[in-house]
Amino acid sequence: MIKVGVIGAETRMAGELLRILLHHPEVELVFAYSAKLSGQPLTGHHKGLVGDTTLEFTDALPLDEIDVAFIASNDYVVEAGIILPESLKTIQMFPAAGEQPKAPFDSVVAVGAVSELYRKPLVRGARAAKVLPPATTVALIALFPPALHLLLNDDLDVRINVPKTRALLNADKIKEEIDRRIHEVQFSFNSIRKLELTSSGNIRAIDVEIEFPCGIEKDEILKIYESIYDDHNFTFMVDTLPTPNEVAGTHKCLIHISKPSTDVLRIHAVADSMLRGGAGDAVHAMNLLFGLFEKTGLTFPAGLAF
């Protein structure tokens, strides 16, 4: 069993994480750290946990008793001056409301927790993983195949629609992060021409629409995506435009491609923002770091919104 501790366990994202960890067949949840809620039951703060645990929040940090620490609130680590043992695997999660953490929680280089791009380093001895923001995560999954085939140029337009709870996200920072990581894949790629960030009344879903010049036939583009994602367990190509209901409460990312004209490619990707770029990616990264099958503990029925 993997012994787990959650730091910053009172956050909404931590609630999503705890719901997954408590049902994960290979996990023992050792502690849920929250100084301000210490002594209170998890079930009194996070909904949906009644009958699943009798664990209470704690202000103790028995780091020597766990194999991996999930950092659900980086501010705790920074403000309290918590020193994490070098031997301890760590997974840093992006804040649920979109705010930036105060500072890196340690000096270790963390691998991005997007398995579609970084599965090899995650399974080859990485000690730390960092969950990227949902908008960045879904856009990277959508752009990775054409970038790998050197199809992206400066005419790339991206529209990202996020839940209203993430309306504070900074479009410039998202663009900068996507630019940097895509450039690592396609060295000739320079920058996204335009990134538009909007918010909707949807509670969980995030959808990304991308357009760029591409004269390659749709069938050939589809083959490119399928050749890359055919051995991934959560990213799927679909024939019709995916809807939020198809991904709500699941770890899936659904991608649809179309050709509005012979020389333009449109990519549409949809995912659950609390799991992709959130608790799901954090657990997915843990599975890979510890050599587990990547779907372990992450199989949820469609429409199950925690």
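Suppose the filter is small (Gly, Ala, Ser), assigned to a loop (DSSP other than H, G, I, E, B) and touching a helix residue (DSSP H, G or I) at 6+ places or on another chain (Cβ under 7 Å); does residue 297 pass it?
Details: small (Gly, Ala, Ser): yes; assigned to a loop (DSSP other than H, G, I, E, B): yes; touching a helix residue (DSSP H, G or I) at 6+ places or on another chain (Cβ under 7 Å): yes.
Spelling it out, residue 297 is indeed small (Gly, Ala, Ser), assigned to a loop (DSSP other than H, G, I, E, B) and touching a helix residue (DSSP H, G or I) at 6+ places or on another chain (Cβ under 7 Å).
Could you please find all residues in segment 66-90 being open to solvent by 60 Å² or more (accessible area, probe 1.4 Å) and either at positive phi or modelled with pLDDT of 95 or more (or both)?
67
Go through the residues of segment 145-160 one by one and say whether even a single one is in contact (Cβ under 8 Å) with a residue 60 or more places away in the chain and among the small types (Gly, Ala, Ser).
Residues of segment 145-160 that are in contact (Cβ under 8 Å) with a residue 60 or more places away in the chain, as a first pass: 145-146, 148-149, 151-153.
Subset that is among the small types (Gly, Ala, Ser): none.
Checking segment 145-160: not a single residue is in contact (Cβ under 8 Å) with a residue 60 or more places away in the chain and among the small types (Gly, Ala, Ser).
Whether any residue in segment 260-283 is buried (at least 16 other Cβ atoms within 10 Å of the Cβ), hydrophobic (A, V, I, L, M, F, W, C), in contact with a His (Cβ under 8 Å, 6 or more places away or on another chain) and part of a loop (DSSP other than H, G, I, E, B) is what I want to check.
Yes.
Is it true that residue 184 is in a helix (DSSP H, G or I), under 20 Å from residue 131 (Cα atoms) and in contact (Cβ under 8 Å) with a residue 40 or more places away in the chain?
On the way: in a helix (DSSP H, G or I): yes; under 20 Å from residue 131 (Cα atoms): yes; in contact (Cβ under 8 Å) with a residue 40 or more places away in the chain: no.
No; evaluated as a whole, the condition is false for this residue.
Those residues that are of a type outside the set (S, T, N, Q) and touching a residue at least 40 places away in the same chain (Cβ under 8 Å), I need them from segment 128-143; list them, please. Walk me through it before giving the result.
The first filter runs over segment 128-143 and keeps only residues of a type outside the set (S, T, N, Q), leaving 128-135, 138-143.
Hits for segment 128-143 are 129, 131, 132, 133, 134, 135, 138, 139, 140, 141, 142, 143.
How many residues are open to solvent by 70 Å² or more (accessible area, probe 1.4 Å), closer than 27 Å to residue 134 by Cα and at pLDDT 90 or above when one looks only at segment 1-25? Quick ask: steps written out before the conclusion?
The first filter runs over segment 1-25 and keeps only residues open to solvent by 70 Å² or more (accessible area, probe 1.4 Å), leaving 1, 3, 12, 23, 25.
After this cut, where a residue has to be closer than 27 Å to residue 134 by Cα as well, the list is 3, 12, 23, 25.
Checking which are at pLDDT 90 or above leaves us with 3, 23, 25.
Here the count works out to 3.
Looking at (1) within 20 Å of residue 67 (Cα to Cα); (2) at pLDDT 95 or above; (3) surrounded by fewer than 21 Cβ atoms within 10 Å (Cβ to Cβ), which is the one condition that is false for residue 294?
It is condition (2) that residue 294 fails.
Exactly one condition in (1) part of a loop (DSSP other than H, G, I, E, B); (2) surrounded by fewer than 16 Cβ atoms within 10 Å (Cβ to Cβ); (3) touching a residue at least 12 places away in the same chain (Cβ under 8 Å) is not met by residue 169; state its number.
Every condition holds for residue 169 apart from (2).
Go through segment 32-46 and count every residue that is under 17 Å from residue 82 (Cβ atoms) and open to solvent by 40 Å² or more (accessible area, probe 1.4 Å).
Adding up the residues that qualify gives 3.
A quick yes/no check of all residues on (1) surrounded by 20 or more Cβ atoms within 10 Å (Cβ to Cβ); (2) hydrophobic (A, V, I, L, M, F, W, C); (3) closer than 23 Å to residue 250 by Cβ:
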| site | (1), (2), (3) |
| --- | --- |
| 185 | no, yes, no |
| 194 | no, no, no |
| 201 | no, no, yes |
| 210 | yes, yes, yes |
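For segment 129-140, check the following and say yes or no: at least one residue is of a type in the set (A, V, I, L, M, F, W, C), assigned to a loop (DSSP other than H, G, I, E, B) and modelled with pLDDT of 95 or more.
First pass over segment 129-140, keeping only residues of a type in the set (A, V, I, L, M, F, W, C): 129, 131-132, 135, 138-140.
Within this subset, residues satisfying the condition of being assigned to a loop (DSSP other than H, G, I, E, B) are 131-132.
Narrowing the set further to residues that are modelled with pLDDT of 95 or more leaves none.
Within segment 129-140, none of the residues are of a type in the set (A, V, I, L, M, F, W, C), assigned to a loop (DSSP other than H, G, I, E, B) and modelled with pLDDT of 95 or more.
The values are calculated or read from the model by the stated rules, or taken from the named source; none is laboratory data. Quick caveat, the model's predicted, so the values are computed rather than measured. Note that we place each Cβ from the backbone using ideal geometry, even for glycine, and neighbour counts take in every protein chain shown. Heads up: the accessible areas ignore ligands, DNA and RNA and are worked out on the full protein's heavy atoms, side chains in. Shrake-Rupley method; radii C 1.70, N 1.55, O 1.52, S 1.80 Å.
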